[in-house]
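Reading through the C-alpha cells given below for one structure.
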Ligand code: 13P
C-alpha cells in the first residue's frame, strides 16, 4: 500500500526568520498522520527546518544538488553535504531548472544516480509544456523523460523513487490540470515504470501531481486512484493552506 506523500516546494521563498515563523505556525496545526509530509526548502533554510521539526515525522528536502561527489564547482551543493545535515529528499529535474538553468535529461540522470548512492530519495519531476500537450506529444515527452532520467538506475533503487508529474502549463499559473488529466498521466507514468522495471516496482512508486494544487482542489486530486501525493508550490508557503492540503 502506497503512503500518500505531500511535499511543499518553497522555491526561492522565505528567509530564515520567515522559515522559523512558518515552522512555529505549522507545528501548532500539524498532527502526524498516515500522510508523509515534507518541505523542500532553499539550502539556507534546511538546517533551520530540520531543527524546528525535530521530533515530528515531517521530512526535509532540498530542491537541487550536484551530481559529482565533490569538486571545483563554484556555487554547487553535493548530495553528501545534504545527507550530513539530515536531508531526506531532493527534487531533481524540476521544470524551472530545466527551463532556466540548463538542466537536461542527462544531468537529471547523473543526479538521480548520485542521490541514490548518497541515500537521498529523489523526487524526479517530469511534465510537458503547453505546446507539447496541444501538439499531442505529452505522453511521448514524459515517457522520454522517464526513460532517459532513469537510465542505469537499478530496480532496487527505483523502488524508493518518487515521481512528480508537473505539467509546465499548470505551474504557478492557477490553471491546474483536471484531476482526470492528472490521473491519466500518472497512470501512464506507472505503466512506463512497469515497462522499465516490473509491476512490483510500479506498484510501489509514489507518483505525485504538481501544478496549482490548492486547498480547494487537493481532495479531488488526491482521490484519484493513480495519484499518491502532491508537490505543492505557492500553497506550501502558507501554513493554513499547506495543512489543509496535508489533511486533504
Ligand atoms: P505551484 O503549486 O505554485 O503551481 O507550483 C508547483 C510546483 O512547481 C511544485 O514543484
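A few points about this structure:
- Qualifying residue in the stretch 88-101 (condition: farther than 19 Å from residue 42 by Cα and either in contact with a strand residue (DSSP E or B) (Cβ under 8 Å, 6 or more places away or on another chain) or buried (at least 17 other Cβ atoms within 10 Å of the Cβ) (or both)): no
- Matching residues in the stretch 183-200 - criterion: being within 19 Å of residue 4 (Cβ to Cβ) and touching a helix residue (DSSP H, G or I) at 6+ places or on another chain (Cβ under 8 Å): 185, 189, 190, 193
- Counting only helices (runs of 4 or more DSSP H) that sit wholly inside the stretch 128-202, those with at least 3 residues that are surrounded by 15 or more Cβ atoms within 10 Å (Cβ to Cβ) and within 16 Å of the chain's Cα centre (by Cα) are 138-149, 179-196.
- When the criteria are applied in full, residue 205 meets the requirement of being at negative phi and touching a strand residue (DSSP E or B) at 6+ places or on another chain (Cβ under 7 Å).
- Test: residue in the stretch 158-166 that is in contact with a strand residue (DSSP E or B) (Cβ under 9 Å, 6 or more places away or on another chain), under 15 Å from residue 105 (Cβ atoms) and more than 16 Å from the ligand (Cβ to nearest atom): no
- Residue tally, condition over 19 Å from residue 237 (Cα atoms), more than 16 Å from the ligand (Cβ to nearest atom) and touching a strand residue (DSSP E or B) at 6+ places or on another chain (Cβ under 9 Å), over the stretch 58-84: 3
- Residue check for residue 170: more than 10 Å from the ligand (Cβ to nearest atom), in contact (Cβ under 8 Å) with a residue 40 or more places away in the chain and closer than 26 Å to residue 99 by Cα: no
- With respect to the conditions (1) in a helix (DSSP H, G or I); (2) touching a helix residue (DSSP H, G or I) at 6+ places or on another chain (Cβ under 8 Å), residue 207 falls short on a single one, namely (1).
- Among (1) loosely packed, with under 15 Cβ neighbours inside 10 Å; (2) in contact (Cβ under 8 Å) with a residue 12 or more places away in the chain; (3) away from the ligand (no atom under 15 Å from the Cβ) - the single one residue 228 does not satisfy: (1)
Every number in this text was worked out from the coordinates using simple rules, so none of it is lab data. On a predicted model such as this, the values are computed, not experimentally measured, just so you know. Positions of Cβ are generated from backbone atoms using ideal geometry, with glycine treated the same way; all protein chains shown enter the neighbour counts.
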